[in-house]
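The values are calculated or read from the model by the stated rules, or taken from the named source; none is laboratory data. What you see is a predicted model, and the numbers here were worked out from it, not measured in a lab. Neighbour counts are summed over all protein chains in view; Cβ atoms, including those assigned to glycine, are modelled from backbone coordinates with ideal geometry. Note: accessible area is taken over every heavy atom of the protein model, side chains too, but ligands, DNA and RNA are not part of it. Shrake-Rupley method; radii C 1.70, N 1.55, O 1.52, S 1.80 Å.
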Amino acid sequence: MIKKCLFPAAGYGTRFLPATKAMPKEMLPILTKPLIQYGVEEAMEAGCDVMAIITGRGKRAITDHFDISYELEHQIQGSSKEKMLADIRHIIDKCTFTYTRQNEMKGLGDAIYKGNALLGDQDPFAVILADDLCVNPDGDGVLTQMAKLYEKYKCCIVACMEVPTEEVHKYGVIEGNEIEEGVFMVSNMVEKPENDKAPSNLAVIGRYVLTPDIFEIIKNTKPGKNGELQITDALCTQAKNGMVVAYKFKGTRFDCGSVDGFVEATNYYYNLEKKKKA
Ligand code: UTP
C-alpha cells in the first residue's frame, strides 16, 4: 500500500502573475476548492494518509489551509455555511501533514529530493503535482489506478498521455514497449525534447509512484535541462534498469499551471455542479 504522498509546491507559478505574487499557485481555486485540495483528495482515495508538502517562501496559506481555523469555525457554527468546511475538516481529521521548504528553485528532482527528510527511505510513495488536475468521473482516480499498477509491477510508475507532436517540448517524454494495454516498460526518458527529436508523443504528467531508491539516484544526478535537477533524468537511470513503467491513465488531465487549462477545469467543474443541482 502507498501511504504517503508528496506534493512539490515550491514553484513560483509565474504564469499566473500577478495573482501568484503573494498567493501560492496551489491555492488558486477551481470553483470553491483550492487546487491542492483536489490533489489531497485524490491521494486519500488512493489510500494515503500522510501528505508531505514541499513549500517555499510565500506559501504559508497552504499550511493554514490544512489546519483548523477555530475563529472562522466558531463564527459559522450552526449556520448553513458550516457544511462548506465539512470536506476540509474531514481531510484534517484523517491525514497527517508534514512540510519542508525548498529554499531555491532547483527543479522538480531537487524538490522531490527534499521530500526524503519527510518520507524516509523505506517505503514507496506517490507524487502529485497539484497544478495537474486529474478527474475520472466514471471510475478510480488516477493515483488509485497507479497504486493498483504498483502492486503488480513493484517499480516506479509514471502517468502519461498522448500529446500532439507540436507540444512534446513542454514535457518529459518516454520511449518504451507496450507490455499490456496502456502500460509501457520504459527504456528511455527525455526532458522537454525538441518536437522533431522526441522518442514518442507519450508525455509524463504530474503523477508518479516512486520507489525510495530514487533519492540516492537523484543525489547522483547532475542538473539537466535549464540547469535544473530533473526528475526525468533520475527516472531515466531507473528506466535503463527496467524499473519504470508508464501508464496511460483513464480520465482527463487539466493543465492548471496554464491559464487555458485552468479555465477549462473551471468550466468542467462548473458544468458538473450545475448538472448535479438540476
Ligand atoms: P512548474 O514549472 O509547472 O511550476 O513545476 P512553476 O515553476 O511554479 O510554474 P511557472 O512555470 O513559473 O508558471 C511543476 C511543479 O513542480 C513544482 C511546482 O511547484 C509545480 O507544482 N516545483 C518545480 C517545485 O516545487 N520546485 C521546483 O524547483 C520546480
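Annotations
- Principal-axis analysis of the Cα atoms of the chain puts helix 259-277 at an angle of about 50° to the longest axis.
- Sum of -39500 (n - 2.57) over DSSP H runs of 4+, divided by residues of the chain (222 nm, nearest 500): -9500 deg cm²/dmol
- Annotation: extensible slack from N220 through I68 equals 50.7 nm (criterion: 0.36 nm per residue apart, minus Cα-Cα distance).
- Rounded to the nearest 20, the Cβ-based charge dipole of the range 108-197 about its Cα centre (Lys and Arg +1, Asp and Glu -1) stands at 340 debye.
- The ratio of the alpha-carbon radius of gyration of the range 126-247 to the globular-protein estimate 2.2 N^0.38 Å is 1.00.
- Solvent-accessible area per residue, Å², over the range 165-278 with all protein chains present [probe radius 1.4 Å]: 52
- Exposure ranking of R253, R207 by accessible area [1.4 Å probe, largest first]: R253, R207
- 1.4 Å probe accessible area per residue over the range 68-136, in Å²: 58
- Taking the Cα centre of the chain as reference, the dipole from Cβ charges on Lys and Arg (+1) and Asp and Glu (-1) amounts to some 520 debye.
- Taken over the range 8-130, lysine pairs spaced eight or more positions apart, or on distinct chains, with alpha carbons under 19 Å apart number 12.
- Share of carbon and sulfur in the accessible heavy-atom surface of the chain [1.4 Å probe, %]: 50
- Across all Cα pairs in the range 140-183, the calculated P(r) in 10 Å bins from zero up to the longest distance comes to 21, 51, 26, 2 percent per bin.
- Rg and Dmax, both from the Cα atoms of the chain and both in Å, are 18.5, 60.
- Ranking Q102, N116, P137 by Cα position along the charge dipole of the range 96-159, where only Lys, Arg, Asp and Glu carry charges on their C-beta atoms, puts N116 farthest toward the positive end.
- For the pair E194 and M105, the difference between a 0.36 nm per residue extended length and the Cα-Cα distance amounts to 29.7 nm.
- Cys with no candidate disulfide partner in the chain (beta-carbon separation under 4.7 Å rule): C95, C134, C155, C156, C160, C236, C256
- Ordering G182, C155, I231 by Cα displacement along the dipole of the chain toward the positive end leaves I231 in first place; charges were set at the Cβ atoms of Lys, Arg (+1) and Asp, Glu (-1).
- One chain, two ends: T96 and K154. Fully extended at 0.36 nm per residue, the span grows by 18.4 nm beyond their Cα-Cα distance.
- From most to least packed by mean Cβ count within 10 Å, the peptides 36-46, 218-228 give 36-46, 218-228.
- Label separation (E264 vs D121): 3.9 nm, computed from points 7 Å beyond Cα along the C-beta direction.
- For the range 1-126, the spherically averaged projection of the C-alpha convex hull amounts to 8.5 nm².
- The range 85-147: proportion of alpha-carbon pairs further apart than 13 angstrom, %: 75
- Most to least packed among 57-64, 181-188 [average Cβ atoms within 10 Å]: 181-188, 57-64
- Globularity index of the range 62-203, i.e. its alpha-carbon radius of gyration over 2.2 N^0.38 Å: 1.36
- Positive minus negative residues near K222 (Lys, Arg vs Asp, Glu; Cβ under 13 Å): -1
- Label point distance in nm, N177-R15, each placed 7 Å from Cα along Cα→Cβ: 3.5
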